[in-house]
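Beneath this line is the structure, given in structure tokens, with notes to follow.
The values are calculated or read from the model by the stated rules, or taken from the named source; none is laboratory data. No experiment lies behind these values; they were computed from the predicted model shown. Cβ coordinates were reconstructed from backbone atoms using ideal geometry, including for glycine residues, and neighbour counts include every protein chain displayed. What goes into the accessible areas is simple: the full protein's heavy atoms, side chains included, and nothing from ligands, DNA or RNA. Shrake-Rupley method; radii C 1.70, N 1.55, O 1.52, S 1.80 Å.
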Amino acid sequence: MNRREALFSLSGIVASLAVAPQLRAKELHNVPLETQLSADHLPQPAWQDGYQVLTNPLDRQNLQAIFDRLIPADKLGPSASEAGCIEFLDNQLAGDYGSGAALYLQAPLHPENEEKMMGNPQFLSAPKERYLTGLKALENWAQKKHQSSFHALNAEQVDDFLTKMEDGKIDLGAEVNSQAFFELMLQNAREGYLADPIYGGNKNMAGWKMIGFPGARYDYRPYIERRNENLALIPVSLIPND
């Protein structure tokens with residue numbers, strides 16, 4: 001598993017544009033003040049009030065140990081936790097994503113049939129529950145196998161664990177599908193690294209700077225026909241500038 005390449009593989013789907021080829025944008029100056037948005041209508045950063053779901057420091061330490069091996073710090077950018085991926089995840093788990101609002105979570109469930117039809121395991125538990133159950137099982141596994149907390153393991157031990165977890169060769173108990181839990185954590189770490197900073201992750205737009213994504217700009221039309229050129233655009237977030 002090449003963690004950095006796994007992250008880069010998403011850069012091609014971060015944004016796409018479709019505009020008329022000859023359309024030109026004009027910069028608007030001297031906009032009347034009465035057309036400005038009032039402060040209460042401006043978008044607000046999502047993660048402001050502290051942890052709501054991942055309130056156990058041990059859970060966060062163990063999760064950081066995993067996230068920072070999935071996306072480690074190097075000369076290209078910060079690690080997952082340094083980029084705010086755990087804060088991003090907590091915010092997501094505290095909302096509709098965590099509660100599974102878009103998922104069908106009613107019985108009956110026949111795992112063998114559901115997995116065959118859908119192509120991957122199906123669950124009656126929402127992401128929030130899966131994380132809290134999985135992190136508890138993770139700590140129990142580490143205590144049983146290593147007589148220490150998971151975050152105390154060295155990088156080689158964590159890598160070995162994650163490799164086996166990805167292959168479905170780690171037993172975290174009957175309540176946790178370890179392979180599916182690995183895939184969930186990898187997906188959320190990627191999302192936190194590349195999402196708009198307004199959602200808590202991608203601090204200082206580090207993920208966007210790494211892949212060269214210019215961010216949530218209002219208008220790209222002036223640049224459509226400037227092909228094969230480094231535009232050197234500074235990334236822009238949805239977070240309002242002061």
The number of residues in the range 128-173 that are farther than 30 Å from A101 by Cβ, of a type in the set (D, E) and not in a loop (DSSP other than H, G, I, E, B) is 3
In the range 183-193, what residues are within 8 Å of the chain's Cα centre (by Cα) and open to solvent by less than 20 Å² (accessible area, probe 1.4 Å)? N188, A189, G192, Y193
Does any residue of the range 216-236 turn out to be in contact (Cβ under 8 Å) with a residue 60 or more places away in the chain, under 30 Å from K128 (Cβ atoms) and not hydrophobic (A, V, I, L, M, F, W, C)? no
Are any of the residues in the range 155-170 at pLDDT below 95 and either of a type outside the set (K, R) or surrounded by fewer than 19 Cβ atoms within 10 Å (Cβ to Cβ) (or both)? yes
Those residues that are part of a helix (DSSP H, G or I) and of a type in the set (D, E), I need them from the range 174-224; list them, please. E183, E191
If A232 satisfies every condition in (1) at pLDDT 90 or above; (2) within 21 Å of L76 (Cβ to Cβ) but one, which is the exception? (1)
Test for S99: is it farther than 19 Å from N177 by Cβ and of a type in the set (S, T, Y): yes
Those residues of the range 116-127 which are outside any loop (DSSP other than H, G, I, E, B) and under 18 Å from Y97 (Cα atoms), in sequence order: P127
If only one of A80, A126 is closer than 17 Å to A180 by Cα, modelled with pLDDT of 75 or more and open to solvent by less than 30 Å² (accessible area, probe 1.4 Å), which one is it? A126
Inter-residue pairs, beta-carbon under 8 Å, first closer than 16 Å to Q106 by Cβ and in the range 119-143, second among the small types (G, A, S) and not in a loop (DSSP other than H, G, I, E, B), 6+ apart: F123/A180; A126/G98; A126/S99
